[in-house]
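Following: one structure in C-alpha cells, then a few remarks.
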Amino acid sequence: MGFSTIAIHAGNEPDTATGAVSVPIYQTSTYAQEGLGKHKGYEYARTQNPTRSALEKNIAALEGAKFGYAFASGMSATDAVLKLVKAGDHVLLGDNTYGGTYRLFARVLANYGIEFDLVDTTDISKVETAFKPNTKMVFVETPTNPVMSVTDLQAVSEAAHANGAKVVCDNTFMSPYLQQPLALGCDIVVHSTTKYLNGHSDSVGGFVALNDEEDAQWIQFIQNSVGAILSPMDSFLVLRGTKTLAVRMEAHDRNGRQVANFLAEHPKVLKVYYPGLVSHPQHELAKRQQKGFGGMVSFETGSLENAKKVLESVKLCILGESLGGVESLISHPATMTHASVPVEKRKTLGITDGLVRISVGIEDVEDIIADLDQALS
Ligand SMILES: Cc1ncc(COP(=O)(O)O)c(C=O)c1O
C-alpha cells in the first residue's frame, strides 16, 4: 500500500461500538472490568488507551516499524530511548542535534553515569574512530537543526553495527514521508510529533518506532513505569494530522525549495543552509537518502542586529520556537532553540548570532517570499 493509504487507514478502523469513522477520544482514566481479571484488554489509561493505541499503530506503520509508542513530548520519547543504555555505557551523539537533546545528555544523563562524546556524524571516518569498547548507541539527527547537515544513515548504521552499537535517528525534520531511517539500517526512530506529524502547532508529543521486540518491550515498560504518555486528546490530534502528512510534506518541500532559492539570490543574505541547494555540501547524499528536502531553511544575515531586524520586521511569518506547522515560523537559534548549547560549540557549528531559521509553511509561497523580501530590505 502507498504512504497516503497507510496514513489514512493504519490504526484508523471504524469504532466497533458505534461505527464512528474517526477514532474517538477515549477521555477516561480507567475501564470497567467484568470480573476479577476479566476485561477488554484495557485496565488503566497510563498503560493502555484506545486513541493512543490507534496512533501508535498508525505512526509505526508509516515508519515501517513493528512497534511504536507515543510519548508526552519529543524529549520524553528521546529520554525513554536512552533508558536502553545503562550507567557506564557510552553514546556517540551527533554534534549538531536539537539543543534540548544536547541538554538532556549534558545536564541530566551525565548525572546518571551515561558517558557521551559529540561527533560530526556527517564525516563517517570521524564516527568510525569515535567508538569505545563501551559504546552502545549512536544518536543522530539528519538533517540537523539548524544548519541542515546531512548524515549518511546507511554508512553510520553499518559502522555502528560493526561496533556492536545501535543507531537512533531523530527523524523530526523529515517525517516518515521524506525519510525512512529503519529502511536505511537504523534501529530506532524518534520524533517530536509536535512538528510535522501533528502539523498544526496545537499539540506537544513524541514517538518511538522500532523493530526489535526486546527493545520494544523495554520502551513499553518505561512508557508505563515513568508515565510520560501522550494524552487521548493529543493522540487524536496527531492521528488527524498524519492523515494529511503526504500532502503537507509535498507542499512544505515545494515552498522550502522556492524560499531557499529566493534567499540564495538575495544580496543581503550571506549564506543559505538547505540540502536542496546544489551548493549544500551533502546535496547528493540528501537527494539519494531523502524523498525531498523539506521545509526547513536557515540563513546567515551577518550580525545579531541584522537578524533582529529581519525577525522583528516579518509580518506573515510568525516569530516563535517550534517548526513543522502549516504556518511559517521564523526563529533565532542562538537565543532560542540552541541557547543551551555552549557558545564555543555554537560557533564551531555555524550557529552564529546572525543565523535565522525558517520553518517554511504551506501558505502561498509568493506571500512568504514577499514577507521575507520586505523584512530583509
Ligand atoms: C529535531 C527535534 N527533536 C526533538 C525535539 C524535542 O521535541 P519536543 O519539543 O516535542 O519535546 C525538537 C524540538 O524542537 C526538535 O526540533
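The values are calculated or read from the model by the stated rules, or taken from the named source; none is laboratory data. The structure displayed is predicted, hence computed values, not measured ones. Glycine gets a Cβ as well: all are built from the backbone with ideal geometry, and neighbour counts include every protein chain shown.
Report yes if residue 180 is more than 14 Å from the ligand (Cβ to nearest atom), over 15 Å from the mean Cα position of the chain (by Cα) and at pLDDT 95 or above, otherwise no. Please lay out each step first, then the result.
Numbers: more than 14 Å from the ligand (Cβ to nearest atom): yes; over 15 Å from the mean Cα position of the chain (by Cα): no; at pLDDT 95 or above: yes.
No; evaluated as a whole, the condition is false for this residue.
Given the residues 299, 262, which is the only one that is outside any loop (DSSP other than H, G, I, E, B), of a type in the set (Phe, Trp, Tyr) and crowded, with 22+ Cβ neighbours inside 10 Å? Steps first, answer last, please.
Working: 262 fails: crowded, with 22+ Cβ neighbours inside 10 Å.
Of 299, 262, the one residue that is outside any loop (DSSP other than H, G, I, E, B), of a type in the set (Phe, Trp, Tyr) and crowded, with 22+ Cβ neighbours inside 10 Å is 299.
List pairs: first in the range 145-166 and farther than 10 Å from residue 128 by Cβ and among the basic types (Lys, Arg), second in a helix (DSSP H, G or I) and at pLDDT 95 or above, Cβ under 8 Å, 6+ apart or cross-chain?
These pairs meet every condition: 166/84; 166/160; 166/215.
Is the range 193-213 home to any residue that is over 19 Å from the mean Cα position of the chain (by Cα) and over 23 Å from residue 155 (Cβ atoms)?
The initial filter retains those residues of the range 193-213 that are over 19 Å from the mean Cα position of the chain (by Cα), namely 212-213.
Pick out the ones that are also over 23 Å from residue 155 (Cβ atoms) and you get 213.
Yes - at least one qualifying residue is present in the range 193-213.
Of all residues in the range 245-257, which are touching a residue at least 40 places away in the same chain (Cβ under 8 Å) and buried (at least 17 other Cβ atoms within 10 Å of the Cβ)? Give the steps one after another, and end with the answer.
Step one: of the range 245-257, the residues touching a residue at least 40 places away in the same chain (Cβ under 8 Å) are 245-256.
Hits for the range 245-257 are 245, 246, 248, 249, 251, 252, 253, 255, 256.
Any residue at all in the range 205-228 that is assigned to a helix (DSSP H, G or I), more than 16 Å from the ligand (Cβ to nearest atom) and of a type in the set (Phe, Trp, Tyr)?
yes
Go through the range 304-324 and give me each residue that's surrounded by fewer than 24 Cβ atoms within 10 Å (Cβ to Cβ) and either of a type in the set (Ser, Thr, Tyr) or within 13 Å of the ligand (Cβ to nearest atom) (or both).
Residues satisfying the conditions are 313, 320, 321, 322.
Determine whether residue 37 is in contact with an Asp or Glu (Cβ under 9 Å, 6 or more places away or on another chain), at positive phi and away from the ligand (no atom under 16 Å from the Cβ). Before the answer, list the steps.
Numbers: in contact with an Asp or Glu (Cβ under 9 Å, 6 or more places away or on another chain): no; at positive phi: yes; away from the ligand (no atom under 16 Å from the Cβ): yes.
Criteria not met by residue 37.
Can you spot a residue in the range 313-326 that is over 16 Å from residue 149 (Cβ atoms) and assigned to a helix (DSSP H, G or I)?
The initial filter retains those residues of the range 313-326 that are over 16 Å from residue 149 (Cβ atoms), namely 313-326.
Narrowing the set further to residues that are assigned to a helix (DSSP H, G or I) leaves 313.
Scanning the range 313-326 turns up at least one residue that is over 16 Å from residue 149 (Cβ atoms) and assigned to a helix (DSSP H, G or I).
Take the range 127-150 and flag every residue that is among the hydrophobic types (A, V, I, L, M, F, W, C), part of a loop (DSSP other than H, G, I, E, B) and away from the ligand (no atom under 16 Å from the Cβ). Spell out how you get there, then give the answer.
Step one: filter the range 127-150 for residues among the hydrophobic types (A, V, I, L, M, F, W, C), giving 127, 130-131, 137-140, 147-148, 150.
Still in the list and also part of a loop (DSSP other than H, G, I, E, B): 131, 147-148, 150.
Residue satisfying the conditions is 131 alone.
Here are some conditions: (1) within 16 Å of the ligand (Cβ to nearest atom); (2) touching a strand residue (DSSP E or B) at 6+ places or on another chain (Cβ under 9 Å). Residue 202 meets all but one. Which one does it not meet?
(2)
So in the range 80-126, with the set limited to residues that are β-branched (Val, Ile, Thr), assigned to a helix (DSSP H, G or I) and closer than 22 Å to residue 342 by Cα, which one is farthest from the ligand (Cβ to nearest atom)? Outline the logic, then answer.
In the first step, residues of the range 80-126 are kept if they are β-branched (Val, Ile, Thr); the result is 81, 85, 91, 97, 101, 108, 114, 119, 121-122, 124.
The next check asks that each one be assigned to a helix (DSSP H, G or I); those that pass are 81, 101, 108, 124.
From what's left, closer than 22 Å to residue 342 by Cα: 101, 108.
On the way: 101: 6, 108: 13 Å.
Looking at residues that are β-branched (Val, Ile, Thr), assigned to a helix (DSSP H, G or I) and closer than 22 Å to residue 342 by Cα, I get 108.
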